[in-house]
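Undergrad: Can you keep this structure in mind? I'll have questions shortly.
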Amino acid sequence: MVALNRTRSRESMQARGNGSLNFIIAALRIRRGLLSFGWLGLRIMFLVVPLHASGQSATVKKNPFAGTDKFPEFRDFSALSGSTYGVDSDGFTSLSGPTAFSTPIAHVLGRGQFRIGGGATSFSSSPAVNQTDSDGTFFATYGHTIGRVNAAVSIMVLSQDLNFALNGQVQYVPSRSSRWVASAGVQDWRGHGGSSGDQVAGDNRTSTSVFGVVTYRADTPRAPVYLSAGIGFRRFSNGFGSISYQVAKPVRVWVEHDGFGVNEGILLTWRQRDSHRSPEFNALIGLVKGRYFTIGGGLGF
């Protein structure tokens, strides 16, 4: 009996040790993946995305999103889960799952999947892809699943001076019959992304913004309608909400209120084959505050 108890004790300690080791390995994979895709993104960024250069006063004066505690760097692509792509409640990218633009949704990327993406928001209703008439963002995201928890981390590059922000979000995976999903996260946990815009009063205040969000699935005969709402601190202190719907297999429409105004757009998605692991390409066209033309896209695998 004593020998049996000792054997069970050793097995229990080994199981706990394996669990801790798996968690450490997952964390290292997240870090390595972000670094790899971050450097890849930087190469793409300077060729494609017109990020503004810090300190350019002409750009600051023209930027319609600049202002004390207006968070201009976080008013286009959020780099949070669902920004330029859809996610289901299990953490897989999805053709019908909820999507948004600058606001969080509760569904969090997981299952060892990567996303890279970005785009540019014009300072007018006309398309613009340059440093003086638009603002660009590039991001890379990695999602991992540990038990029944999806966790995603992302890096978003905000300027050609390599000003960047780091984000994180976690979600408990509910049963598939559940219509409700909840998650919590933080945008720019370093707090250095800027809260007002270059050369604008208050820009040196922290931009770390913690939030909570819930998403509800309303089933329809064709495809679900997803409604998300949440609130938080700093960037998210005014509250936010979004609605998205798949109007055709490759097309989703979305509308959101980001706490400052209404944004809307169309998301196009293409997959090589109908599989969660198939490479996925996305393209987005939208209007920020119903006026400022936005284009973007991304790749996931």
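The values are calculated or read from the model by the stated rules, or taken from the named source; none is laboratory data. Source: prediction; values computed, not measured. Cβ sites come from the backbone with ideal geometry, for glycine too, and all protein chains shown count toward neighbours. Note: areas computed on protein heavy atoms with side chains; ligands, DNA, RNA excluded. Shrake-Rupley method; radii C 1.70, N 1.55, O 1.52, S 1.80 Å.
Undergrad: Suppose all protein chains stay in the model; what accessible area per residue would a 1.4 Å probe give for the stretch 80-154, in Å²? Can you show the working numbers first?
TA: Working: 1570 Å² over 75 residues.
Accessible area per residue: 21 Å².
Undergrad: Relative to the Cα centre, what is the charge dipole magnitude of the stretch 156-301, using +1 at the beta carbon of each Lys and Arg, -1 at the beta carbon of each Asp and Glu, and rounding to the nearest 20 debye? Walk me through the numbers on the way to the answer.
TA: Details: 15 positive and 10 negative charges, 106 e Å.
Taking the Cα centre of the stretch 156-301 as origin, the dipole is about 520 debye.
Undergrad: Now, a different point. Using a cut-off of 28 Å between alpha-carbon atoms, which lysines can reach Lys62, once sequence neighbours fewer than 8 places away in the same chain are excluded?
TA: Here the lysines satisfying the reach criterion relative to Lys62 are Lys70, Lys289.
Undergrad: Further question on the same structure: Of all the accessible heavy-atom surface of the stretch 149-255, with the other protein chains kept in place and a 1.4 Å probe, what percent is carbon and sulfur? Before the final figure, lay out each step's value.
TA: Working: 3080 of 4850 Å².
Carbon and sulfur: 64 percent of the exposed surface of the stretch 149-255.
Undergrad: Output ³J(HN,Hα) for the stretch 101-108: one whole-Hz value per residue in order, computed from phi by the Karplus curve 6.51 cos²θ - 1.76 cosθ + 1.60 with θ = phi - 60°, and x for Gly and Pro.
TA: 10, 10, 10, x, 10, 7, 6, 10
Undergrad: Can you tell me which aspartates and glutamates have their Cα less than 17 Å from the Cα of Lys249? Leave out same-chain residues fewer than eight positions away.
TA: Qualifying aspartates and glutamates at Cα under 17 Å: Asp88, Asp219, Asp274, Glu280.
Undergrad: Still on this structure: Hey, what do the phi angles of the stretch 260-272 turn into as Karplus ³J(HN,Hα) couplings, whole Hz, using 6.51/-1.76/1.60 and θ = phi - 60°, x for Gly and Pro?
TA: With coefficients 6.51, -1.76 and 1.60, one gets 10, x, 9, 10, 8, x, 10, 10, 9, 10, 9, 10, 5 Hz.
Undergrad: Moving to a separate point now. For Ser124, what residues show an amide H to amide H distance below 5 Å, using hydrogens built from the backbone and excluding near sequence neighbours?
TA: Close amide H contacts, sequence-distant or interchain: Phe293.
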